[in-house]
Amino acid sequence: MISSLRKDADIIIKKSIDAVLPDEAVKRALKGFKKGTGKVVLVAAGKAAWQMANAAVKEMPDISEGIVVTKYDHVKGNIPGITCCEAGHPVPDENSFSATRKALDLVRPLGEDDTVLFLLSGGGSALFESPLIPGEELQDITKQLLACGADIVEINTIRKRLSGVKGGRFAEVAAPAKVYSIVLSDILGDPLDMIASGPAVPDTSTCQQAQEIAARYNLKLSDEARNLLGKETPKELSNVTSVITGSVRELCTAASNAAKDLGYEPIILTDMLSCEAKDAGSFLASIAISNSRKGDKKLAFIAGGETVVHLKGTGKGGRNQELALSAAIGLNGLSNAAVFSVGSDGTDGPTDAAGGYADGETVSDLKEKGLNINLYLDNNDAYNALKAVDGLIITGPTGTNVNDVSVLLIS
């Protein structure tokens with residue numbers, strides 16, 4: 001039964017991700033695109049940038065030139081007329097900065113008859129960056145925000161004010177050219193100004209909020225950075241049209257359909273999951289305990305969203321791996337339940353895994369190898385614990401990015 005659950009998990013993962021690949025989403029969004037009388041240039045940023053750009057160029061051969069900025073190992077080949085760059089994520093690096101400079105150089109000379117086709121996906125906050133403070137300090141602040149447990153909205157509220165492209169500033173640079181922005185959402189509720197920190201969207205966050213976040217997490221900032229938190233971002237943009245296409249809701253629906261095809265009764269718990277990864281894992285395990293002995297039907301409980309990890313240890317992992325490993329404690333001894341959690345982009349934290357899988361045998365398998373699950377959780381080392389018991393889910397870069405999906409299967 002356990003091996004059957006793992007096979008079902010792998011099928012659901014593949015079908016779910018295939019259903020939210022950006023090709024069709026970009027095609028849908030381009031139906032509303034109206035080019036000006038001038039030229040069209042393409043700028044794509046984010047983990048799904050290559051896939052989105054490749055789809056757009058196939059649909060619009062009159063794109064004159066463009067640039068893609070995506071994560072390392074996410075470029076899957078040449079795109080005619082497009083320069084493809086890879087850069088750092090989740091912490092921006094010099095390649096992020098240099099690629100963004102190329103994008104800015106591309107749009108600055110454009111006139112009012114020209115159009116920028118701007119393709120944006122999650123991860124763009126790190127990949128698409130022109131810092132207003134030294135790059136090393138921006139990297140340090142990003143690391144502080146990732147480690148303190150701040151959520152993505154809080155992180156982006158800070159990053160907008162330290163950047164020359166975030167919070168609507170990229171659209172300002174592109175003016176007077178029109179910007180047609182196609183956005184693949186990776187943030188709960190699809191707030192346009194927070195996805196990749198909203199380079200082409202008027203910013204709804206305020207200086208006061210940014211300063212409160214900095215104080216709440218006791219961020220170590222230079223005087224220059226603190227001063228920037230007090231400078232307001234653009235609140236109006238007249239040259240931008242934005243279209244959201246793809247989101248975690250579609251990912252949850254796809255997981256539900258895939259589970260149903262396998263004979264499970266799917267229950268979507270939420271597409272707004274936002275809590276500590278450990279708590280989410282424990283919660284799913286508690287549902288398993290309540291339902292695993294009823295035995296009259298196969299159930300799939302589905303939660304989409306994005307959890308957070310409060311880094312206390314020095315181990316290796318990501319939020320999805322930590323969620324799965326945390327669930328293993330409650331699943332221990334159950335013969336008919338499993339939990340898996342994956343990032344739709346195929347990468348979970350700074351690892352090569354998309355997420356993790358755990359079932360009723362995970363704890364005992366670790367014990368047989370002399371490994372204490374609690375020590376690994378305390379050290380935020382879910383990757384190495386799951387690796388030891390074949391609990392890593394590895395898909396490779398998928399070309400999309402619409403949050404995470406976590407599933408409890410009861411057979």
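I need the full set of residues from the range 170-212 which are among the charged types (D, E, K, R), touching an Asp or Glu at 6+ places or on another chain (Cβ under 9 Å) and under 21 Å from residue 96 (Cβ atoms), in order please. Can you show your working first?
As a first pass, look at the range 170-212 and keep what is among the charged types (D, E, K, R): 172, 178, 186, 190, 193, 203, 212.
If we keep only those that are touching an Asp or Glu at 6+ places or on another chain (Cβ under 9 Å) too, we end up with 178, 186, 193, 203.
Matches in the range 170-212: 186, 193, 203.
Before we move on, is residue 34 more than 20 Å from the chain's Cα centre (by Cα), more than 24 Å from residue 130 (Cβ to Cβ) and at pLDDT 95 or above?
On the way: more than 20 Å from the chain's Cα centre (by Cα): yes; more than 24 Å from residue 130 (Cβ to Cβ): yes; at pLDDT 95 or above: no.
So residue 34 fails the test.
Inside the range 259-296, can you point out the residues that are of a type in the set (S, T, N, Q) and farther than 25 Å from residue 186 by Cβ?
In the first step, residues of the range 259-296 are kept if they are of a type in the set (S, T, N, Q); the result is 270, 274, 282, 286, 290-292.
Across the range 259-296, the qualifying residues are 286, 290, 291, 292.
Working only within the range 356-399, note down all residues that are within 21 Å of the chain's Cα centre (by Cα) and over 20 Å from residue 3 (Cβ atoms).
Of all residues in the range 356-399, those within 21 Å of the chain's Cα centre (by Cα) come to 356-357, 380-383, 392-399.
Result: 380, 381, 382, 383, 396, 397, 398, 399.
Quick one: which residue in 277, 210 is in contact with a Lys or Arg (Cβ under 7 Å, 6 or more places away or on another chain) and either aromatic (Phe, Trp, Tyr) or not assigned by TED's automatic domain parsing to the domain that holds residue 334 (or both)?
On the way: 277 fails: either aromatic (Phe, Trp, Tyr) or not assigned by TED's automatic domain parsing to the domain that holds residue 334 (or both).
Just a single option satisfies the conditions, and that option is 210.
Consider residue 287 carefully, then state whether it is surrounded by fewer than 18 Cβ atoms within 10 Å (Cβ to Cβ), modelled with pLDDT of 95 or more and in the same structural domain as residue 341 (by TED's automatic domain parsing). Spell out the reasoning first.
On the way: surrounded by fewer than 18 Cβ atoms within 10 Å (Cβ to Cβ): no; modelled with pLDDT of 95 or more: yes; in the same structural domain as residue 341 (by TED's automatic domain parsing): yes.
It is false that residue 287 is surrounded by fewer than 18 Cβ atoms within 10 Å (Cβ to Cβ), modelled with pLDDT of 95 or more and in the same structural domain as residue 341 (by TED's automatic domain parsing).
Looking only at strands (runs of 3 or more DSSP E) that fall completely inside the range 177-283, which ones have 3 or more residues that are within 24 Å of the chain's Cα centre (by Cα), crowded, with 17+ Cβ neighbours inside 10 Å and at pLDDT below 95?
Details: elements: 178-183, 240-244, 265-273.
Ranges flagged: 240-244.
Among the residues of the range 302-313, are any in contact with a strand residue (DSSP E or B) (Cβ under 9 Å, 6 or more places away or on another chain), more than 24 Å from residue 344 (Cα to Cα) and either part of a loop (DSSP other than H, G, I, E, B) or in contact (Cβ under 8 Å) with a residue 40 or more places away in the chain (or both)?
Taking every residue of the range 302-313 in turn, none turns out to be in contact with a strand residue (DSSP E or B) (Cβ under 9 Å, 6 or more places away or on another chain), more than 24 Å from residue 344 (Cα to Cα) and either part of a loop (DSSP other than H, G, I, E, B) or in contact (Cβ under 8 Å) with a residue 40 or more places away in the chain (or both).
Name the residue that is nearest to residue 40 (Cα to Cα), counting only residues in the range 53-101 that are among the acidic types (Asp, Glu) and in a loop (DSSP other than H, G, I, E, B). Give the derivation first.
The initial filter retains those residues of the range 53-101 that are among the acidic types (Asp, Glu), namely 59, 62, 65, 73, 86, 93-94.
So of that shortlist, the ones also in a loop (DSSP other than H, G, I, E, B) come out as 62, 73, 93.
On the way: 62: 7, 73: 27, 93: 28 Å.
The extreme case among them is 62.
Just checking, how many residues over the range 102-121 are surrounded by 13 or more Cβ atoms within 10 Å (Cβ to Cβ) and either part of a helix (DSSP H, G or I) or in contact with a His (Cβ under 8 Å, 6 or more places away or on another chain) (or both)?
5
Can you tell me which of 88, 38 is surrounded by fewer than 17 Cβ atoms within 10 Å (Cβ to Cβ) and farther than 18 Å from residue 185 by Cα?
On the way: 88 fails: surrounded by fewer than 17 Cβ atoms within 10 Å (Cβ to Cβ).
Sole residue among the options that is surrounded by fewer than 17 Cβ atoms within 10 Å (Cβ to Cβ) and farther than 18 Å from residue 185 by Cα: 38.
Tell me whether the range 105-114 contains one or more residues that are touching a strand residue (DSSP E or B) at 6+ places or on another chain (Cβ under 9 Å) and farther than 23 Å from residue 242 by Cβ.
no
The values are calculated or read from the model by the stated rules, or taken from the named source; none is laboratory data. None of the values given here were measured: they were computed from a predicted structure. Don't worry about glycine lacking a Cβ; one is built from the backbone with ideal geometry, like all the others, and counts go over all protein chains shown.
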